[in-house]
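Enquirer: Pasting in a structure now, in structure tokens, and then I'll have a few things to ask.
The values are calculated or read from the model by the stated rules, or taken from the named source; none is laboratory data. Small disclaimer: the values here were computed from a predicted structure and weren't measured. Cβ placement follows ideal geometry from the backbone for every residue including glycine, while neighbour counts extend to all protein chains displayed. For accessibility, only protein heavy atoms count, side chains too; no ligands or nucleic acids. Shrake-Rupley method; radii C 1.70, N 1.55, O 1.52, S 1.80 Å.
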Amino acid sequence: MTAVGIDAIEVWTGNLKLDLPGTFAPQKGEDPEKYTKGLGLNASSFPDSYEDIVTMGANAAHRLMERKGLEPDDIGRIDVATESAFDNSKPVSTYVAGCLEQVFDGDFHHANKGERKFACIAGTQSLDDAYNWIKAGRNRGRAALVIATDTALYARGDAGEATQGAGAVAMLITEEPGLVELSTEQGYGSADETDFLKPNQQFPSVDGKRSVKVYLARMREALEDYESVAGDVHPDDLAFIPFHTPFPGMVRKAGLLGYRHITRDTAIEDDLAEEIGRQPRAEAFDDEESYHDALREYMDALKGTERYREWYAQTIDPTLEVSREVGNWYTGSVHLARTSALKHAFEAGRDLAGETLLVGSYGSGAQAEIHAETVCDGWEAEIEALNVDEQLAARYDMSWADYEQIHDAHNHDMDVDVEEFTAPDAEFVFDGWGRMGERKYRYVD
């Protein structure tokens with residue numbers, strides 16, 4: 001059977017940086033460790049005044065296509081996943097295609113274009129759509145371009161303000177990929193939830209505590225569903241587990257829950273039993289409350305074991321390295337986590353070819369998806385080509401006054417002009433409004 005997966009990936013971060021412990025925390029009168037240790041974040045990325053979801057997505061796609069030597073005729077499908085869209089009819093993918101047509105010969109007139117929305121899981125759903133399109137034989141030998149792009153802003157003073165971020169991840173989906181092959185097996189956990197939503201509004205309404213519970217519940221369901229078709233997952237079989245990362249602190253919870261699940265009824269549970277006892281079983285308790293109390297005690301003990309800490313440091317923590325510096329990218333977050341893990345392995349000189357990633361995607365509202373990815377031969381060349389570190393280092397470090405200005409500039413309810421903080425260089429920029437209120441773009445060389 002023909003392998004289908006991600007052949008190449010590119011990342012584009014917003015050009016501005018907000019230092020959370022150094023700039024944000026003092027303004028809030030809070031301990032910097034609330035952000036660095038609690039949330040697990042050092043900084044957030046922001047779009048400059050000339051940036052938005054179109055420019056970031058188009059810039060990532062442009063770099064990917066140029067690096068791979070592609071022309072528009074090589075692309076048969078462009079899907080954009082976002083929850084930051086500004087038009088209820090015209091998809092962001094059409095704007096992105098229009099940008100790319102400014103710099104490539106030819107056009108994308110024969111490419112299928114669409115936009116996916118299901119909170120943060122839409123990027124993975126777009127990946128699934130591209131996979132299915134190729135597997136169905138409808139691609140005519142062409143590749144699919146999947147772009148996850150978001151500006152994840154919260155209202156000023158909102159509890160989620162510290163987790164903000166902006167950026168894009170572009171992925172090239174092909175037959176016989178060069179980076180990772182996607183598994184046929186998938187698992188889902190989905191329910192009608194109101195943990196996070198934007199009912200005709202730019203900034204989200206969030207029930208923070210509920211959102212964490214829903215995230216974990218849907219992830220558990222998705223893992224159980226995945227195992228029902230792929231067989232039991234064992235921790236020794238996984239190189240990394242990239243999770244959707246609204247902030248690294250939430251992934252710590254998901255990692256612990258996942259480890260308990262995949263070590264149940266294994267030799268690992270037997271070994272740990274000598275130190276912390278066996279996992280509680282519901283049938284051993286007279287009521288649900290007692291069972292959950294025992295389960296919480298076990299989880300607290302498990303978190304402190306050396307075996308779990310070493311596993312987390314090897315399997316989960318490397319997926320968070322980039323996210324710590326950029327914040328939440330909504331639809332791009334899990335794909336940034338995959339990139340971070342592969343980047344970590346490449347820099348460590350680790351040979352990952354043939355090893356497995358277990359990818360956990362999530363979108364509020366709510367749905368989780370689990371699937372596996374096998375790292376391909378030659379993956380190192382794709383990761384070596386990334387310039388993530390250079391992008392992070394080049395960001396303009398905002399003062400608090402700068403941050404207030406740029407937040408207002410990207411607030412749809414405000415009409416303010418803010419001078420750019422950085423000079424665009426070989427990138428697409430927002431260039432004002434058209435006659436029907438559409439956004440216009442141009443390439444600055």
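Enquirer: Of ARG324, ARG338, ARG307, ARG296, which residue is open to solvent by 30 Å² or more (accessible area, probe 1.4 Å) and either farther than 30 Å from ALA273 by Cβ or not in a helix (DSSP H, G or I) (or both)?
Expert: Details: ARG338 fails: open to solvent by 30 Å² or more (accessible area, probe 1.4 Å); ARG307 fails: either farther than 30 Å from ALA273 by Cβ or not in a helix (DSSP H, G or I) (or both); ARG296 fails: either farther than 30 Å from ALA273 by Cβ or not in a helix (DSSP H, G or I) (or both).
Within the list ARG324, ARG338, ARG307, ARG296, the selection yields ARG324.
Enquirer: List pairs: first residue in segment 174-189 and within 20 Å of ARG77 (Cβ to Cβ), second residue at pLDDT below 95 and open to solvent by 20 Å² or more (accessible area, probe 1.4 Å) anywhere in the structure, Cβ distance under 8 angstrom, at least six positions apart or on different chains.
Expert: If the second residue must be at pLDDT below 95 and open to solvent by 20 Å² or more (accessible area, probe 1.4 Å), the pairs left are GLU175/THR2; GLU176/THR2.
Enquirer: Do you know which residues across segment 343-382 are in contact with a Phe, Trp or Tyr (Cβ under 9 Å, 6 or more places away or on another chain) and over 19 Å from GLY123 (Cβ atoms)?
Expert: Hits for segment 343-382 are HIS344, ALA345, PHE346, LEU352, ALA353, GLU355, THR356, TRP379, GLU380.
Enquirer: Looking at segment 210-217, can you tell me whether even one residue there is without any contact (Cβ under 8 Å) to a residue 24 or more places away in the chain, in contact with an Asp or Glu (Cβ under 7 Å, 6 or more places away or on another chain), under 16 Å from TYR362 (Cα atoms) and open to solvent by 50 Å² or more (accessible area, probe 1.4 Å)? Working first, answer last.
Expert: At the first step, the residues of segment 210-217 found to be without any contact (Cβ under 8 Å) to a residue 24 or more places away in the chain are 210, 213.
Still in the running and in contact with an Asp or Glu (Cβ under 7 Å, 6 or more places away or on another chain): 210.
Subset that is under 16 Å from TYR362 (Cα atoms): 210.
Then keep just the ones that are open to solvent by 50 Å² or more (accessible area, probe 1.4 Å); that gives 210.
Checked segment 210-217: at least one residue is without any contact (Cβ under 8 Å) to a residue 24 or more places away in the chain, in contact with an Asp or Glu (Cβ under 7 Å, 6 or more places away or on another chain), under 16 Å from TYR362 (Cα atoms) and open to solvent by 50 Å² or more (accessible area, probe 1.4 Å).
Enquirer: Evaluate segment 173-193: report whether one residue or more is more than 22 Å from ALA353 (Cα to Cα), among the β-branched types (Val, Ile, Thr), buried (at least 22 other Cβ atoms within 10 Å of the Cβ) and under 18 Å from the mean Cα position of the chain (by Cα).
Expert: So the first thing to find is which residues in segment 173-193 are more than 22 Å from ALA353 (Cα to Cα), and the list is 187-193.
Narrowing further to those that are among the β-branched types (Val, Ile, Thr): none.
Within segment 173-193 (the criterion being more than 22 Å from ALA353 (Cα to Cα), among the β-branched types (Val, Ile, Thr), buried (at least 22 other Cβ atoms within 10 Å of the Cβ) and under 18 Å from the mean Cα position of the chain (by Cα)), the answer is no, since none of the residues qualifies.
Enquirer: Hey, among the residues in segment 218-246 that are without any contact (Cβ under 8 Å) to a residue 60 or more places away in the chain and out of contact with any strand residue (DSSP E or B) (no Cβ under 6 Å at 6 or more places or on another chain), which one's most open to solvent (accessible area, probe 1.4 Å)? Reasoning before the result, please.
Expert: Our first condition is that a residue be without any contact (Cβ under 8 Å) to a residue 60 or more places away in the chain; within segment 218-246, this holds for 220, 224, 227-229, 231-232, 234, 236.
Narrowing further to those that are out of contact with any strand residue (DSSP E or B) (no Cβ under 6 Å at 6 or more places or on another chain): 220, 224, 227-228, 231-232, 234, 236.
Values: ARG220: 94, GLU224: 79, GLU227: 30, SER228: 86, GLY231: 30, ASP232: 139, HIS234: 52, ASP236: 117 Å².
By that ranking, first place goes to ASP232.
Enquirer: Please work out if PHE421 is in a strand (DSSP E or B), open to solvent by 20 Å² or more (accessible area, probe 1.4 Å), in contact with a strand residue (DSSP E or B) (Cβ under 9 Å, 6 or more places away or on another chain) and over 28 Å from HIS244 (Cα atoms). Explain how you work it out, then say what you get.
Expert: Working: in a strand (DSSP E or B): no; open to solvent by 20 Å² or more (accessible area, probe 1.4 Å): yes; in contact with a strand residue (DSSP E or B) (Cβ under 9 Å, 6 or more places away or on another chain): yes; over 28 Å from HIS244 (Cα atoms): yes.
In short, no.
Enquirer: List every residue pair whose Cβ atoms sit under 7 Å apart, with the two residues 6 or more apart in sequence or on different chains, where the first one lies in segment 267-281 and is modelled with pLDDT under 95 and the second, anywhere, is open to solvent by 40 Å² or more (accessible area, probe 1.4 Å) and not in a helix (DSSP H, G or I).
Expert: Listed pairs, sorted by first residue: none to list.
Enquirer: Note down all Cβ pairs under 6 Å where the first residue falls in segment 370-398 and is without any contact (Cβ under 8 Å) to a residue 40 or more places away in the chain, the second is open to solvent by 50 Å² or more (accessible area, probe 1.4 Å), and they're at least six residues apart or on different chains.
Expert: These pairs meet every condition: GLU380/PHE346.
For (1) closer than 27 Å to SER205 by Cα; (2) basic (Lys, Arg); (3) surrounded by 20 or more Cβ atoms within 10 Å (Cβ to Cβ), each residue gets a yes or a no:
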site	(1), (2), (3)
ASN132	no, no, no
ALA143	no, no, yes
VAL146	no, no, yes
THR149	yes, no, yes
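Enquirer: On to the next question. Mind checking which residues of segment 424-445 are outside any strand (DSSP E or B), open to solvent by less than 60 Å² (accessible area, probe 1.4 Å) and hydrophobic (A, V, I, L, M, F, W, C)? Even if it seems obvious, please write down each step before you answer.
Expert: We begin by selecting, within segment 424-445, every residue outside any strand (DSSP E or B); these are 424-426, 434-438, 445.
So of that shortlist, the ones also open to solvent by less than 60 Å² (accessible area, probe 1.4 Å) come out as 424, 426, 434, 437-438.
Scanning segment 424-445 gives a single hit, ALA426.
Enquirer: Which is polar (S, T, N, Q), at pLDDT below 95 and touching a strand residue (DSSP E or B) at 6+ places or on another chain (Cβ under 7 Å), of SER183, SER211, SER190?
Expert: Values: SER183 fails: at pLDDT below 95; SER190 fails: at pLDDT below 95.
Going through SER183, SER211, SER190 in turn, the sole match is SER211.
Enquirer: Here's something else I'd like to know. For residues in segment 74-111 being open to solvent by less than 30 Å² (accessible area, probe 1.4 Å), among the β-branched types (Val, Ile, Thr) and not in a strand (DSSP E or B), which is farthest from GLN125 (Cα to Cα)?
Expert: Filtering first and then ranking leaves VAL96.
Enquirer: Within segment 1-22, can you find the residues that are surrounded by 18 or more Cβ atoms within 10 Å (Cβ to Cβ) and not in a strand (DSSP E or B)?
Expert: Selection gives GLY14, ASN15, LEU20, PRO21.
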